[in-house]
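The values are calculated or read from the model by the stated rules, or taken from the named source; none is laboratory data. Nothing here was measured: the structure is a model prediction, and the numbers come from that model. Heads up, the Cβs are rebuilt from the backbone with ideal geometry, glycines too, and the neighbour counts pull from every protein chain shown.
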C-alpha cells in the first residue's frame with residue numbers, strides 16, 4: 001500500500017449548527033476521554049506505519065476540546081509517522097479557539113489551520129446557530145501568523161435564504177482583509193435531518209446561486225481557482241484535499257470517518273455507542289475497475305488540471321477516450337483537451353455536475 005494521507009474525525013461541538021449534516025455530538029468531557037481511547041485503538045488496529053504527507057484533523061469542532069484533551073489527542077496521533085514536508089491541518093471555530101490552543105498546535109507540529117468563518121452577518125449567524133466577533137477573528141488570525149502558522153484557510157458559506165449579493169460581497173471583502181492564502185466556499189445545501197431542512201427552509205433560486213458563485217470567483221481573481229470551490233495564493237493548495245480529488249488512497253479514523261484503501265472505500269459507524277465498543281467499520285464498498293475509473297473522472301474533473309490521459313492509461317490500461325467518448329463535449333466547449341489533460345473550463349464549473357453526468361453516460365467500458 002502507498003497511503004500518504006490520513007483524516008482524523010473529532011465529532012464534538014459546543015453548539016450544533018442548523019445546516020450541518022456532518023457526524024457530530026454535543027461536547028461532553030466524559031465522552032471525549034472515552035472517544036480518544038477508542039480512536040487510539042482504531043489507529044493501532046488499522047495503521048500500518050506509512051509515512052504521511054498530509055494529516056487532517058476535522059470535525060465536528062476539534063478546537064472545542066480543552067487543552068488537556070487536545071494534548072491527549074496529539075499524544076495519540078504521535079504514532080502516525082509524518083514526512084518532513086507533511087501538511088498538518090486542524091479545523092477550528094472562532095468561538096472555541098484561543099491563543100493557548102494555537103500555541104499547542106504549533107508545538108504539536110500543526111502547520112495549517114482551517115477556520116470556519118461562514119459569514120460575517122449577525123442575522124445569518126443567528127439562523128445558523130453560530131456566533132462571531134469580527135474583532136476577535138482579526139486578532140486570532142494575526143496571532144496565528146505571529147507564531148509562524150501562515151498557511152491559513154477561511155471557509156465561506158453563501159446562498160443562505162434571503163441573503164443578497166451585497167452581503168456575499170461584504171463577506172468576501174472581509175475575508176480579503178484578513179490576508180490569508182486559502183479560501184474555501186460552499187453554497188448552502190439543505191440536507192435532510194438538519195434543523196434548516198426540518199423547519200421547511202427553501203433553497204434560493206438557482207439563478208441567484210449562480211450569480212453569487214460568479215461574484216465570488218470575480219472577487220477572488222487574484223487567487224488561483226484550482227478546484228470548483230477552492231482558491232489559493234502562492235500555490236498554497238490544500239495538499240490533503242488534493243489527495244481526495246486526485247483519487248488517491250487515504251486512511252480515515254474516527255466516528256463517521258471514511259477512507260480509501262486498496263480496492264475498498266469504507267465508512268465508519270456514526271453510532272458513538274458502537275464506536276466506543278470498537279465496532280468501527282459500518283460499510284465497505286469493494287470497487288470494480290469501472291467504479292475506480294468513475295471515481296477518477298468525477299474527482300479529477302473538480303480541479304483545474306482535470307484528468308491526465310497518460311495517468312489514466314498507466315493505472316487502468318485503457319485510453320480515456322476508449323472508455324469515455326468525450327469528443328462531443330469537447331466540440332461543445334464543455335470540456336477542453338490540452339496536451340495530456342481533459343478539463344472543464346472555468347466558465348462552466350458551475351455546471352460541472354451536469355457535464356460529468358453527461359460524460360459518464362457515454363461510458364463504453366466492458
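Of the conditions (1) under 30 Å from residue 202 (Cα atoms); (2) touching a strand residue (DSSP E or B) at 6+ places or on another chain (Cβ under 9 Å); (3) at pLDDT 95 or above, residue 125 fails just one. Which one is it?
Status for residue 125: all satisfied but (3).
Looking at (1) touching a strand residue (DSSP E or B) at 6+ places or on another chain (Cβ under 8 Å); (2) loosely packed, with under 15 Cβ neighbours inside 10 Å; (3) closer than 23 Å to residue 86 by Cβ, find the lone condition where residue 262 falls short.
So the condition that residue 262 fails would be (1).
Give the number of residues within the range 133-162 that are in a loop (DSSP other than H, G, I, E, B) and either modelled with pLDDT of 95 or more or in contact with a strand residue (DSSP E or B) (Cβ under 6 Å, 6 or more places away or on another chain) (or both).
Number satisfying all stated conditions: 6.
Check off (1) under 15 Å from the mean Cα position of the chain (by Cα); (2) assigned to a loop (DSSP other than H, G, I, E, B) for residue 305 and give me the number that stays unchecked.
Among (1) under 15 Å from the mean Cα position of the chain (by Cα); (2) assigned to a loop (DSSP other than H, G, I, E, B), residue 305 violates only (1).
Residue by residue through the range 218-232, note down the ones that are closer than 19 Å to residue 165 by Cα and either outside the structural domain of residue 158 (by TED's automatic domain parsing) or in contact with a strand residue (DSSP E or B) (Cβ under 6 Å, 6 or more places away or on another chain) (or both).
220, 229 - these are the residues of the range 218-232 that are closer than 19 Å to residue 165 by Cα and either outside the structural domain of residue 158 (by TED's automatic domain parsing) or in contact with a strand residue (DSSP E or B) (Cβ under 6 Å, 6 or more places away or on another chain) (or both).
Which number in (1) more than 21 Å from the chain's Cα centre (by Cα); (2) buried (at least 19 other Cβ atoms within 10 Å of the Cβ); (3) part of a strand (DSSP E or B) marks the one condition that residue 83 misses?
Every listed condition holds for residue 83 apart from (2).
Inside the range 275-290, can you point out the residues that are surrounded by 13 or more Cβ atoms within 10 Å (Cβ to Cβ) and out of contact with any strand residue (DSSP E or B) (no Cβ under 8 Å at 6 or more places or on another chain)?
Hits for the range 275-290 are 276, 279, 289.
Consider residue 272 carefully, then state whether it is in the same structural domain as residue 40 (by TED's automatic domain parsing), touching a residue at least 40 places away in the same chain (Cβ under 8 Å) and buried (at least 16 other Cβ atoms within 10 Å of the Cβ).
Here the answer is no, as residue 272 does not meet what is asked.
Using the structure shown, decide if residue 186 is in the same structural domain as residue 241 (by TED's automatic domain parsing), in contact with a strand residue (DSSP E or B) (Cβ under 6 Å, 6 or more places away or on another chain), at pLDDT below 95 and not in a loop (DSSP other than H, G, I, E, B).
The answer is yes for residue 186.
Out of all the residues in the range 196-255, which are under 30 Å from residue 271 (Cα atoms), in a helix (DSSP H, G or I), more than 19 Å from the chain's Cα centre (by Cα) and in contact (Cβ under 8 Å) with a residue 40 or more places away in the chain?
196
Can you tell me which condition residue 260 does not meet? The list is (1) in the same structural domain as residue 189 (by TED's automatic domain parsing); (2) in a strand (DSSP E or B), and all the others hold.
If we test residue 260 against (1) in the same structural domain as residue 189 (by TED's automatic domain parsing); (2) in a strand (DSSP E or B), just (1) comes out false.
What do you reckon, is residue 49 more than 19 Å from the chain's Cα centre (by Cα), outside any helix (DSSP H, G or I) and modelled with pLDDT of 95 or more?
yes
Among the candidates 88, 94, single out the residue that is closer than 24 Å to residue 188 by Cα and crowded, with 16+ Cβ neighbours inside 10 Å.
Result of the check over 88, 94: 94.
Kindly indicate whether residue 41 is in a strand (DSSP E or B) and at pLDDT 95 or above.
So residue 41 does not fit the description; no.
Pick out the one residue from 321, 329 that is modelled with pLDDT of 95 or more and not in a strand (DSSP E or B).
One residue alone meets the criteria, 329.
Does residue 168 satisfy the condition of being over 27 Å from residue 239 (Cβ atoms), touching a residue at least 40 places away in the same chain (Cβ under 8 Å) and either in contact with a strand residue (DSSP E or B) (Cβ under 9 Å, 6 or more places away or on another chain) or not assigned by TED's automatic domain parsing to the domain that holds residue 70 (or both)?
It is true that residue 168 is over 27 Å from residue 239 (Cβ atoms), touching a residue at least 40 places away in the same chain (Cβ under 8 Å) and either in contact with a strand residue (DSSP E or B) (Cβ under 9 Å, 6 or more places away or on another chain) or not assigned by TED's automatic domain parsing to the domain that holds residue 70 (or both).
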